[in-house]
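The values are calculated or read from the model by the stated rules, or taken from the named source; none is laboratory data. Since the structure is predicted, the reported quantities are computational estimates derived from the model, not experimental observations. Positions of Cβ are generated from backbone atoms using ideal geometry, with glycine treated the same way; all protein chains shown enter the neighbour counts.
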Amino acid sequence: MNIETLLDYSIQIRKYYSRILNERLKDLKLSPNEMNILILLSNNPSMTTSTQLNMFLGVSKGLISRSVESLVKQGLIRLENDQSDRRIQHIFLTDKSEPVIKILKKEIHQINEDLLSDIPLEEMKVIEEILIKMRNHFKQKNEEVEL
């Protein structure tokens, strides 16, 4: 087992997850990135800028920009200029997004149940512990490089 193999597994899981979510929620007419943005904003109220979304999602600034523009047009999010820096726009969910987010969260929960039902909780905890250790190790190595 090496990092490339783990990354490949992660990519395969993410692709499968996105495909299933898209199939089940095609009536919402949202792109996978738009769904991700709505869920992230809902779960992380302190995340309010495109830069934060870009860093977290790891997609291009252009894709974030197009997705935010689309969500604004659909009335699911609104933008507010920063009081101290006009270059920054803060992103907020609208009331219209609440039922959409409720549907997204319900479907995500169901997908998680479907995908993980065959894996015992104890094994899931071990996987999580290992991934946390790896993340912390990479974070430490990254901090050493930045010094």
- So Leu30, is it over 21 Å from Ile11 (Cβ atoms), in contact with a Ser or Thr (Cβ under 8 Å, 6 or more places away or on another chain) and surrounded by 15 or more Cβ atoms within 10 Å (Cβ to Cβ): no
- Message: Condition first: of a type in the set (Phe, Trp, Tyr) and assigned by TED's automatic domain parsing to the domain that holds Leu28. Can you find one or more residues in the stretch 86-95 that meet it?
- Response: yes
- Message: Checking the structure you have, find out if any residue of the stretch 87-97 is touching a His at 6+ places or on another chain (Cβ under 7 Å) and either among the β-branched types (Val, Ile, Thr) or closer than 30 Å to Ile130 by Cα (or both).
- Response: no
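Residue by residue, here is whether (1) free of Cβ contacts under 8 Å to residues at least 24 places away in the same chain; (2) loosely packed, with under 10 Cβ neighbours inside 10 Å; (3) under 18 Å from the mean Cα position of the chain (by Cα) holds:
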{"position": "Glu69", "(1), (2), (3)": "yes, no, yes"}
{"position": "Arg87", "(1), (2), (3)": "yes, yes, no"}
{"position": "Asn112", "(1), (2), (3)": "yes, no, yes"}
{"position": "Leu121", "(1), (2), (3)": "yes, yes, no"}
{"position": "Met124", "(1), (2), (3)": "yes, no, no"}
{"position": "Leu131", "(1), (2), (3)": "yes, no, yes"}
{"position": "His137", "(1), (2), (3)": "yes, no, no"}
- Could you please find all residues in the stretch 19-48 being among the polar types (S, T, N, Q) and outside any loop (DSSP other than H, G, I, E, B)? Asn22, Asn33, Asn36, Ser42, Asn43
- Item | Residue check, Leu79 under 25 Å from Ile103 (Cβ atoms), hydrophobic (A, V, I, L, M, F, W, C), part of a strand (DSSP E or B) and in the same structural domain as Glu98 (by TED's automatic domain parsing) | yes
- Task: Determine whether Lys73 is among the charged types (D, E, K, R), loosely packed, with under 14 Cβ neighbours inside 10 Å and either touching a Ser or Thr at 6+ places or on another chain (Cβ under 8 Å) or at pLDDT 95 or above (or both).
- Result: yes
- Item | Residue in the stretch 90-119 that is nearest to Leu79 (Cα to Cα), counting only those that are assigned to a helix (DSSP H, G or I) and among the charged types (D, E, K, R) | Glu98
